[in-house]
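Every number in this text was worked out from the coordinates using simple rules, so none of it is lab data. From a predicted model like this one, the values you see are computed outputs, not experimental measurements. Neighbour counts are summed over all protein chains in view; Cβ atoms, including those assigned to glycine, are modelled from backbone coordinates with ideal geometry.
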Amino acid sequence: MKFSIQGLIDEEIKQKNNLREKRNQTTWHASSLGSCLCGQYLQRLGLKPDEPFDQRTLRVFNMGNKIEDWIVDLITKQEKYDFETQGRVFDEKLNFSGYWDIWIKDLETLEEEIIEVKSKNSRAFWYMEKQGEGAQKQHQMQLWSYLWLTKVERGRIVYISKDDQCILEYPIFRNNEDLKKIVFDQLEILNEAWEKKIPPLPALKDSWQAKYCGFHKQCKVQEKYLERIPLFYQNLEKVVNPIISKK
């Protein structure tokens, strides 16, 4: 009997991604906060990325998801707490939606918390710990948006190293005015762009946003930049500068 285990894995991942790609994006996504504004705009338009992910990259993503699901499963087995997983937030006015990982409630104290789980390879994990700068800004923005829309006062970003299962945890609070300003400024730019059908400026050269934007080649050749209303320019610096240094 001859069959490829690698082929079975790749085919399963391919089928999952095909189902995901069929869904039309109708809002800005919490998981994209902090990334290239122009890339977010082009993705919502339904354009194809510059290059599809190769099989190895898809396997890396898939393994990260499995590890994150494992952590979620461990947490939800705790008997002192009540849980909800993969709950959706949506705000029609902000034109915005997302899915939080775990909403946890202490059955004794009635305290609530939203937990967002992220996986990293060990090199990136220990580099982040060594830098001592806390959770990545885009992840803070993502979790803060969940806290804002659910009215839960605090949350936690949990990073897990995929190679050795070490953990880093960082608290995030709903009353963080800096995160509030960054998130709302970015959504204001995106919504103004969508209304005017003029893409926002692409990520700055050499930034991590440009490096990881799947639409970067298309971002750089948009033709309507000079038609952009002044609001884009007024808000660009205050939106980009607070997140440009952290990945």
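Taking 0.36 nm per residue of sequence separation and subtracting the Cα-Cα distance, how much length would be gained by fully extending the chain between E12 and R59, in nm to one decimal?
Working: separation 47, 0.36 × 47 = 16.92 nm, distance 1.02 nm.
Full extension of this stretch gives 15.9 nm more.
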Original post:
Taking K162 as the anchor, which aspartates and glutamates have their alpha carbon closer than 17 Å to its alpha carbon, excluding any fewer than eight residues away along the same chain?
Top reply: E68, D69, D73, E116, E129
**OP:** Starting from segment 102-211, pick out the trypsin sites (Lys or Arg not before Pro) whose DSSP state is loop and whose Cβ has at most 13 other Cβ atoms within 10 Å.
**Re:** K151, K197, K205
Original post:
What is the sum of charges around N175, taking Lys and Arg as +1, Asp and Glu as -1, for the other residues whose C-beta is under 10 Å from the C-beta of N175?
Top reply: +1
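Can you sort D10, D101, D54 by how many other beta carbons sit within 10 Å, fewest first?
Details: D10 16, D101 24, D54 9.
Least to most surrounded, the residues fall as D54, D10, D101.
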Original post:
Taking neighbour Cβ counts within 10 Å as the exposure measure, how do E11, E177, E188 sort from fewest upward?
Top reply: E177, E11, E188
**OP:** Name every cysteine in the chain that ends up alone, with no second cysteine's Cβ under 4.7 Å, or say none.
**Re:** C166
Original post:
How much length is gained on full extension from E195 to N121, taking 0.36 nm per residue of separation minus their Cα-Cα distance?
Top reply: 22.7 nm
Subject >> Per-selection metrics, the chain (Cα): Rg and Dmax in Å >> reply: 19.1, 66
Original post:
Near K196, which aspartates and glutamates are there with a Cα under 15 Å away, not counting those fewer than 8 places off in the same chain?
Top reply: E188, E223, E227
Original post:
Under the definition of Cα pairs under 8 Å and six or more residues apart, what whole-number percent is the relative contact order of segment 41-244?
Top reply: 19
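Loop only by DSSP, 10 or fewer other Cβ within 10 Å of the Cβ. Give me the GluC sites (Glu not before Pro) in segment 14-121 that pass, ordered by residue number. Could you put the intermediate results ahead of the total?
Numbers: sites: E21, E68, E79, E84, E92, E108, E111, E112, E113, E116; in loops: E79, E92, E108, E111.
Filter output for segment 14-121: E79, E92, E108.
Could you list, in their original order, any pairs among K130/K151; K181/K205; K14/K93; K16/K48; K151/K220 whose Cα atoms are separated by more than 27 Å? Don't skip to the answer; put the middle values down first.
On the way: K130/K151 33 Å; K181/K205 24 Å; K14/K93 35 Å; K16/K48 17 Å; K151/K220 38 Å.
Distance filter (> 27 Å) returns K130/K151; K14/K93; K151/K220.
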